1. Can you pull the accessible area of residue 8 for me, 1.4 Å probe, Å² to the nearest 10?
2. With axes computed from alpha carbons, what is the tilt in degrees of helix 90-99 against the longest principal axis of the chain, rounded to the nearest 10 within 0 to 90?
3. Between residue 195 and residue 79, what's the calculated FRET efficiency when r is the beta-carbon distance and R0 is 22 Å? Round to 0.05.
4. Taking θ = phi - 60°, what integer Hz values does the Karplus form 6.51 cos²θ - 1.76 cosθ + 1.60 yield along region 185-197, in sequence order, with x for Gly and Pro?
5. I'd like the Karplus ³J(HN,Hα) series for region 21-30: coefficients 6.51, -1.76, 1.60, θ = phi - 60°, whole numbers in Hz, and an x wherever there's a Gly or Pro.
6. Return P(r) of the chain (all Cα-Cα pairs; 5 Å bins starting at 0; whole %; ordered from short to long distances).
7. Rounded to a whole number, what % of the accessible area of region 48-104 do carbon and sulfur atoms account for, probe 1.4 Å?
8. Determine the per residue accessible area of the chain with all protein chains present and a 1.4 angstrom probe, expressed in square angstrom.
Amino acid sequence: MPVTAGNIVACGGFAVGSPIFDLALGLARGRRVLYVPTASMEDPLGIVRIYEALRGTAEVSHLRFNPWPPEDLRDVVLAHDLIYVGGGNTANMLAVWRVHGFEAVLREAWETGIVLSGSSAGMICWFEAGVTDSFRAQLDGMTDGLGFLPGSACPHYDGEELRRPRYRELVDGGFPSGYAADDGVALHFAGTELREVVTVRDGAIAYRVEPGSETPLEARLL
């Protein structure tokens, strides 16, 4: 379904505490941030780091699904201005979300103007498909993402040796075309339209990957 409002800032790696997060927060209507650490099994240390990184910058809360989500899950989510999804196991994260109907709440949040963001698993999840190590140490394609954005995504394109050849192999073999992002690079979508690519690393960029081709996308250095 085409969407004319709502922003998604999908990062290939390490967004929080960087100018990429500042960009995402600048797109939001306020400074209330909801951190969703499902992919990391709600790692307490990771949660503490988010609070520390954003101290004085944003009003931070975090969302737990273990042992269960809050009864007023929808109200909690819609009370925020930016939702940030951390990295970890994408497949496990999506399974937990779907059990509790969280994907529908996220879509409503997006369509009402709440900014969606994240890195690694928090990049992949917004697309129809992605390249992940959720199932084993090797990289696999998964095709049951949330589908807010069309096509596929691959984070850590320059940060992990096997990412580039594996993504190219998958796409050449019929996997959905899509976008790859180096670490420190983010893709900003307004609705489902790619608005711009930004980077915090000089020389790091994103790519449009299609069968037989890989097209560099110019990135604005923050």
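1. Surface accessible to solvent at residue 8 totals approximately 0 Å².
2. Around 40 degrees separate the two axes.
3. Between residue 195 and residue 79 the formula returns 0.25.
4. 10, 10, 10, 9, 9, 9, x, 9, 9, 5, 8, 6, 10
5. So the Karplus estimates, Gly and Pro as x, are 5, 4, 5, 4, 5, x, 7, 7, 7, x Hz.
6. Calculated over all Cα pairs of the chain, the distribution is 1, 7, 16, 21, 22, 17, 10, 4, 1, 0 percent.
7. 51 percent
8. 43 Å²
The values are calculated or read from the model by the stated rules, or taken from the named source; none is laboratory data. These numbers come from a predicted model, not from an experiment. Glycine also receives a Cβ, built like all others from the backbone with ideal geometry; neighbour counts cover every protein chain displayed. To get the accessible areas, we keep the full protein, side chains included, count just its heavy atoms, and leave off ligands, DNA and RNA. Shrake-Rupley method; radii C 1.70, N 1.55, O 1.52, S 1.80 Å.
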